[in-house]
Structure formats: structure tokens, C-alpha cells
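Worksheet: the structure to be examined is printed underneath.
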Amino acid sequence: MAGNAWFELLDGDGATMGSYFVNEVTVIDVKPSASGAGLVDLTVTLWCENALPGAERPWELVRTGRLNHTGMWYELAPGDRHAWLSVALWSREYQRQGKPDAPAGQVFTLDGRHVVDRDTFYCAIGEAINGPGGYFGWNLDALDDCLRGGWGATTPFTLHWDFSAEARTRLAERVPVGDRELVLFDLLLEIFEERGVSVILR
């Protein structure tokens, strides 16, 4: 019984791409490793809240440098899109490689054609701000945190939301906000406005 641990994901050069905190790590098999003298390969069972089913493919794209163009999440199933966002979050520092936030006053373009629900919105805004596989929140609180700085963009900035009419019809779920209820699309616009983002609907 190894207990709790950090599980690190490494690229081909051995650099850490991201890590998960894991619980209840139990070793069930040990054998000498082909990776080098004095090393062993462990087979373990563990519990991890943040390692989601479907994350293997995006992690492999990050590891091999093939997460290199936008829209790679378009065809994913809903559960896999959520896993995509988790990899975007946990690999954020590795993918940005110390790159500073874009300065205030920048203009970003969000492609709304594939925004059909919450997760696709977060995939699209992540790419708009930080490029392929980029992260800029994966729930409303996280989006608000990202708009405070340190996640790729500095407010105030301008967001051109292309194909926004289509996105508006799809982001129609009603969300309770305090003592009122807002359509998700309108709530997103309100959050942007409160944080100094000028949204141009196109």
C-alpha cells in the first residue's frame, strides 16, 4: 500500500506535461524495467478524481506535439470533450512554456460554429485565447477566475464572437444566479462585461 501520490505525465524527453494527485495507490505487481538498470515497472490500482475517461488521446497529442491546430475537439463525444478540457487545464503550464499573458487591449476571435453546449463553449474560448488545446475555464467560476488574469489574457480585451446567433440558440439553458435566472448565453455576456471584456457579436 503506497497511499497517496502525485502521478506525473511525461513527454518524450522526460519533462512533466502535467500531474494528478492520486489516492489509495496499491502496488499489485513489480518487475524489472526495460527502461534502465535499477528501475522497476509497477502495476498499481489507484483512485483519481481528476483523471477522466477519454483523456488518453489528448494527452498523447500533447506528448507528441500533434495538438497543433484548432478544432481537434469538434468531433469528440460529449464525455470526451469534458476530458479534453481537463487535459487543457492540467497541461496548461507545459503548453504555455512560461509564455506571459497577452497584454490588455488585445482582440481575440471565438468561432461559435461548434458551440453547442457548455463544454464546447469552454473548448472554443480556450482556443480563442490560448490556441490549440488551450484552457480558459471549464465552468462558470473557472471562467471568472481566468478573466482575473494569469491564464493567457489581460483585461480589458475585445472578443469577436463569430457565428454568435447560432451559439445563442444552443446556449439556451436557464441558470440560477442568486435570486434570478438567466439564459446561459446572456450570463456569459454578463460575466464578460463585469470583467472588462467587450464582446462583439458577429
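The values are calculated or read from the model by the stated rules, or taken from the named source; none is laboratory data. Owing to the predicted nature of the structure, the values given are computational and were not obtained by experimental measurement. Reconstructed Cβ throughout: ideal geometry from the backbone, glycine too, with neighbour counts over all protein chains shown. Accessible surface is based on the protein model in full, side chains and every heavy atom, while ligands, DNA and RNA are left aside. Shrake-Rupley method; radii C 1.70, N 1.55, O 1.52, S 1.80 Å.
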Checklist outcome for this item: The correct ranking of MET17, MET72 by accessible area at 1.4 Å, largest first, is MET72, MET17
Checklist entry - In whole percent, what relative contact order does the range 46-120 give with Cα contacts below 8 Å and a gap of six or more residues? => result 37
Checklist entry - For mean projected area of the Cα convex hull in nm², the choices are [x] 17.4; [y] 13.4; [z] 14.6; which was calculated from the structure? => result [y]
Item to check | Residue-wise HN-Hα coupling along the range 143-155, computed from phi with Karplus coefficients 6.51, -1.76, 1.60 (Hz; x: Gly, Pro) | outcome: 4, 4, 4, 4, 6, 8, x, x, 10, x, 9, 10, 7
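Can you give the FRET efficiency to the nearest 0.05 for ASP41 and ASP141, using r as the Cβ-Cβ distance and R₀ = 30 Å?
Step by step, r from the Cβ atoms, then E = 0.15.
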Checklist entry - Rounded to a whole number, what % of the accessible area of the chain do carbon and sulfur atoms account for, probe 1.4 Å? => result 52
Checklist entry - Given the protein chains as shown and a 1.4 Å probe, how many square angstrom of ILE191 are accessible, to the nearest 10? => result 20
Item to check | Distance between modelled label sites at SER19 and ALA5, nm, 7 Å Cα→Cβ extension | outcome: 1.3
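Compute the length gained on full extension between ASP186 and SER198: take 0.36 nm times their separation in residues and subtract their Cα-Cα distance, giving the result in nm to one decimal.
Contour length minus Cα-Cα distance gives 2.9 nm.
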Checklist entry - Once you mark the chymotrypsin sites (Phe, Trp or Tyr not before Pro) that are in a DSSP loop and have at most 16 other Cβ atoms within 10 Å, what is the longest gap between them in the chain? => result 75-162
Checklist outcome for this item: Net charge near PRO156 (other residues with Cβ under 12 Å of its Cβ; Lys, Arg +1; Asp, Glu -1) is -1
Item to check | Per residue value of the accessible surface for the range 52-190 (all protein chains in place, 1.4 Å probe), Å² | outcome: 47
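Once you keep just the Cα pairs under 8 angstrom separated by 6 or more residues, what percentage relative contact order results for the chain?
15
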